[in-house]
Amino acid sequence: MVQTKEKRRVFPFTGIIGQSEMKLALILNVTDPRIGGVMIMGDRGTGKSTTIRALVDILPEIDVVTDDPFNSSPTDPEFMSEAIREMFEAGQTLMSSKKKVPMIDLPLGATEDRVCGTIDIEKALTEGVKSFEPGLLAKANRGILYVDEVNLLDDHLVDVLLDSAASGWNTVEREGISIKHPAQFVLVGSGNPEEGELRPQLLDRFGMHAEIRTIADPKQRVNIVQQRIDFDANPEELLKTYEKEQQELRNNILRAKELLPEVKISKDLRIKISQVCSELNVDGLRGDIVVNRAAKAAAAFDGRAEVTAEDIGKIISLCLRHRLRRDPLDTMNSGDKVKVIFEKVFEVTA
């Protein structure tokens, strides 16, 4: 008798209490992966991993070329590996299948070869063919790459991840042989600030930065604990309770992705965004770009094709707080500092 593998039950995303910053940042990044990923910093045991896995579980399945190691799209050349694109342009029929959006965990001890993939030099020299063993970046293409305790990861590997996330491609070169493949993924890092911060130049490369804290309210804590106990005892029952909200969120994300290309942001709002970045002395223009993209994603998620000041207010701290220069004598939280300048520039009255 063949035993079927039981599907692992994942805690429902819409059932997670609190942590609104983290949930908003994750939703906006799956709506528009070009935002540049999320860095989630906070206390241990605050549901970081649970929330990320819950979001992946809610995402709709994607179409992939059957047996392709890079999760290539069968219809969109932008999401195809070079070999699949050549077949597509030659008019060959591509077999396709449905697949859950991949979520890849990157272990702290991973080597560069494990992350990027390896080239079989011996086969290349003796047989004259490029033999490539895909790594974690290939498996994460069109999905989410999650790095827990990213602040403890080797800086060189963090650089590799951020470069691939920004360019959408991973290039492996060895002994004069070069292979590249698509690596378009949402990079999600999490960590505990007590164990060390990322270098500012690396932190700046993450699109958004969510701060989460242990919930202090005793009633909320009791609700969270009880919810977890109920889920462990009978996951099906709890999932059924949130089935409607889960489907609504899934539909909202799908609708937002379709609406996103049509969303506009006025020149006046774009000038004000750049004015906020300027007054905060944010280095470079990455902050301006991310705020514009995140505001458009926020508007699309709300079902609107025009960005408002309220959309910008929701996301601007998430996009800029980690880009501010640090002053050890400054007692104000960086997120609060962003909010103060935003309210001044956008003339928000209490």
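Would you kindly state how much longer the chain becomes between residue 270 and residue 96 on full extension, computed as 0.36 nm times their sequence separation minus their alpha carbon distance, in nm to one decimal? Write out the running numbers ahead of the final one.
Details: separation 174, 0.36 × 174 = 62.64 nm, distance 4.12 nm.
Stretched fully, the residue 270-residue 96 segment lengthens by 58.5 nm.
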In degrees, nearest 10, the alpha-carbon axis of helix 334-345 is tilted away from the dominant principal axis of the alpha carbons of the chain by 70 degrees
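Using 0.36 nm times the number of residues separating residue 258 and residue 133, minus their current alpha carbon distance, what extension gain do you get? Each step should come with its number before you reach the end.
Values: separation 125, 0.36 × 125 = 45.00 nm, distance 3.45 nm.
Working it through step by step, the gained length comes to 41.5 nm.
Taking every DSSP beta bridge with both residues inside the chain, roughly what % is antiparallel (nearest 5)?
On the way: 13 of 31 bridges.
Expressed as a percentage, antiparallel bridges in the chain total about 40.
When ranked by the protection proxy of mean other Cβ atoms within 10 Å per residue, highest first, what sequence do the peptides 62-73, 218-229 form? Don't skip to the end; give the middle numbers.
On the way: 62-73: 19.4, 218-229: 12.1.
Output ranking for 62-73, 218-229: 62-73, 218-229.
Taking R0 as 51 Å, what FRET efficiency do you get between residue 75 and residue 336 from their Cβ-Cβ distance, rounded to the nearest 0.05?
Working: r = 46 Å, r/R0 = 0.90.
After rounding to 0.05, the efficiency reads 0.65.
Considering Cα pairs under 8 angstrom that are at least six residues apart, work out the relative contact order of the chain and quote it in whole percent.
Numbers: 556 pairs, mean separation 73.2, N = 350.
Across the chain, relative contact order equals 21 percent.
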Extend 7 Å from the Cα of residue 105 along its Cα-to-C-beta direction; within region 146-183, residues with backbone N under 19 Å of that point are 146-154
Two pseudo-spin positions, 7 Å from Cα along C-beta at residue 156 and at residue 10, lie apart in nanometres by 3.3 nm
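What is region 262-345's relative contact order, in percent, from Cα pairs under 8 angstrom and six or more apart in sequence? Intermediate values should be presented prior to the final figure.
Working: 88 pairs, mean separation 30.3, N = 84.
This gives 36 percent for region 262-345.
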The base-10 log of I(q)/I(0) that the Debye equation returns for the chain at q = 0.06, 0.13, 0.14 Å⁻¹, one scatterer per C-alpha, is -0.24, -1.13, -1.28
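Share of antiparallel DSSP beta bridges in region 35-165, in percent to the nearest 5? Write out the running numbers ahead of the final one.
Working: 7 of 10 bridges.
Bridges in region 35-165 are about 70 percent antiparallel.
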Region 1-72: relative contact order from alpha carbon pairs under 8 Å, six or more residues apart, as a whole percent, is 34 percent
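Between beta-carbons, use under 11 Å as the cut-off and find the net charge around residue 214, counting Lys and Arg +1, Asp and Glu -1. Kindly include the intermediate steps, with their values, before the conclusion.
Values: positive: 44, 213, 221; negative: 43, 217.
Once all neighbours under 11 Å are counted, the net charge is +1.
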Taking Cα atoms only, helix 218-233 is inclined relative to the longest principal axis of the chain by an angle, in degrees rounded to 10, of 20 degrees
Burial-style ranking of 164-175, 314-325, average other-beta-carbon count within 10 Å with highest first, yields 314-325, 164-175
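We did not get these values from a lab; they are worked out from the coordinates using the rules stated. Note that the structure is predicted; figures quoted are calculated from it, not measured. So basically every Cβ, Gly included, is an ideal-geometry build from the backbone, and we count neighbours across all protein chains shown.
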